[in-house]
Amino acid sequence: MSVDVPGASSWLSDGWVTTRRNVIKIKRVPDILVFTTLQPIMFVLLFSYVYAGSIDIPGSDYKEFIMAGIFAQTVVFGSTYSGSAMAQDLKEGIIDRFRTLPMSPSAVLIGRTNGDLLINALSMIVMILTGLAVGWRIRSSVVEALAAVALLLLFAYAFSWVMAFIGMSVRSPEVINNVSFLVLFPLTFISNAFVPTENLPTPLRVFAEYNPVSALVQAARELFGNVPPGTPVPDTWTQQNPVLTILIGIVVLLAIFVPLCVRKFARISSR
């Protein structure tokens, strides 16, 4: 069945319709919202009370040090919803239904990644409130704190396009979970998210200093005002300029993976 593809004028409206579909799905499947809320609370409490007494951060409290790392880890892992949802839609044949509709081919992808952005925004609100409850404090201005939240969400949004591409490339939804953990675990745990990089063995320290998640965490710490006094700055451009590094990374990820996702979706839809 051939259907005329609408012009660019309907791109935003089609994207809004598919975004609304994913928001309604969250409302109808409350398990998504429950676990989205519980997971960040669990991470905050776990690292604040279980590990706080075991890891010493000179000149700072571990709760303030760790919060930027928990923010980064949660939103990056939250971006995997796009991959798993796309893989699930392909398995269930929903994509076949979408291709019969007079809609922009990229609208499904926009709606899916926008849904991830909403989930991550809710997670950020929950984590900030939980962090404040356990003693974490924002030491910067309101504008800088909002900039930190925006940077975290934008990076997660850009990364959700990477996961959407992977989700359309695998054969089953189960595979996307394995792929996600293989990629995201090294990125989040071999970084400055949970321990200072100078405490790591040399090979891991070098990896951590150039790790984009480390730049994201460092940028969030600086914008929240949580960098411990006297903390040595690694002799790497990415760690010395973390905000600029992440902004460049966001642009690069979107420039590469948005077109790749659109072409991949068009190929899948034409089968």
>> With the requirement that a residue be within 19 Å of F155 (Cα to Cα) and not hydrophobic (A, V, I, L, M, F, W, C), what does the range 232-249 give you?
In response: T238, Q239, Q240, N241, P242, T245, G249
> What residue, of F185, F165, is closer than 18 Å to G249 by Cα and either modelled with pLDDT of 85 or more or not in a helix (DSSP H, G or I) (or both)?
Replying inline: F165
> Looking only at the range 147-162, which residues are surrounded by 17 or more Cβ atoms within 10 Å (Cβ to Cβ) and either assigned to a loop (DSSP other than H, G, I, E, B) or of a type outside the set (F, W, Y) (or both)?
Replying inline: A147, A148, V149, L151, L152, L153, L154, A156, A158, S160, V162
> Given the structure, is F47 within 19 Å of the chain's Cα centre (by Cα), aromatic (F, W, Y) and part of a helix (DSSP H, G or I)?
Replying inline: no
> What is the number of the single condition among (1) touching a residue at least 12 places away in the same chain (Cβ under 8 Å); (2) farther than 26 Å from P229 by Cα that E144 does not meet?
Replying inline: (2)
> Which one of the conditions (1) outside any helix (DSSP H, G or I); (2) at pLDDT 70 or above does G15 fail to meet, given that it meets all the rest?
Replying inline: (1)
> List the pairs whose first member sits in the range 103-128 and is without any contact (Cβ under 8 Å) to a residue 24 or more places away in the chain, whose second member is surrounded by 24 or more Cβ atoms within 10 Å (Cβ to Cβ) and assigned to a loop (DSSP other than H, G, I, E, B), and whose Cβ atoms are under 7 Å apart, counting only residues at least 6 apart or on separate chains?
Replying inline: none
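Can you report the number of residues in the range 50-65 which are in contact with a Gly (Cβ under 9 Å, 6 or more places away or on another chain) and either of a type outside the set (D, E, K, R) or in a loop (DSSP other than H, G, I, E, B) (or both)?
From the range 50-65, those in contact with a Gly (Cβ under 9 Å, 6 or more places away or on another chain) are 58-59, 61-64; that's our starting set.
Within this subset, residues satisfying the condition of being either of a type outside the set (D, E, K, R) or in a loop (DSSP other than H, G, I, E, B) (or both) are 58-59, 61-62.
Looking only at that region, the number is 4.
Does S169 satisfy the criteria of being among the hydroxyl-bearing types (S, T, Y), farther than 30 Å from I55 by Cβ and in contact with a Ser or Thr (Cβ under 9 Å, 6 or more places away or on another chain)?
Values: among the hydroxyl-bearing types (S, T, Y): yes; farther than 30 Å from I55 by Cβ: yes; in contact with a Ser or Thr (Cβ under 9 Å, 6 or more places away or on another chain): no.
So S169 fails the test.
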>> Every residue in the range 218-271 that is surrounded by fewer than 18 Cβ atoms within 10 Å (Cβ to Cβ) and outside any helix (DSSP H, G or I), please.
In response: G225, P228, P229, G230, T231, P232, V233, D235, T236, N241, S270, R271
>> Of the conditions (1) under 30 Å from I268 (Cα atoms); (2) buried (at least 18 other Cβ atoms within 10 Å of the Cβ), E174 satisfies every one except a single condition; which number is it?
In response: (2)
>> Restricting to the range 109-146, count the residues that are under 27 Å from L90 (Cα atoms), among the small types (G, A, S) and surrounded by fewer than 18 Cβ atoms within 10 Å (Cβ to Cβ).
In response: 1
> Do you know which residues across the range 92-136 are basic (K, R) and at pLDDT 75 or above?
Replying inline: R112
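The values are calculated or read from the model by the stated rules, or taken from the named source; none is laboratory data. Bear in mind the structure is a predicted one, so any value in this text is a computation, not a measurement. Positions of Cβ are generated from backbone atoms using ideal geometry, with glycine treated the same way; all protein chains shown enter the neighbour counts.
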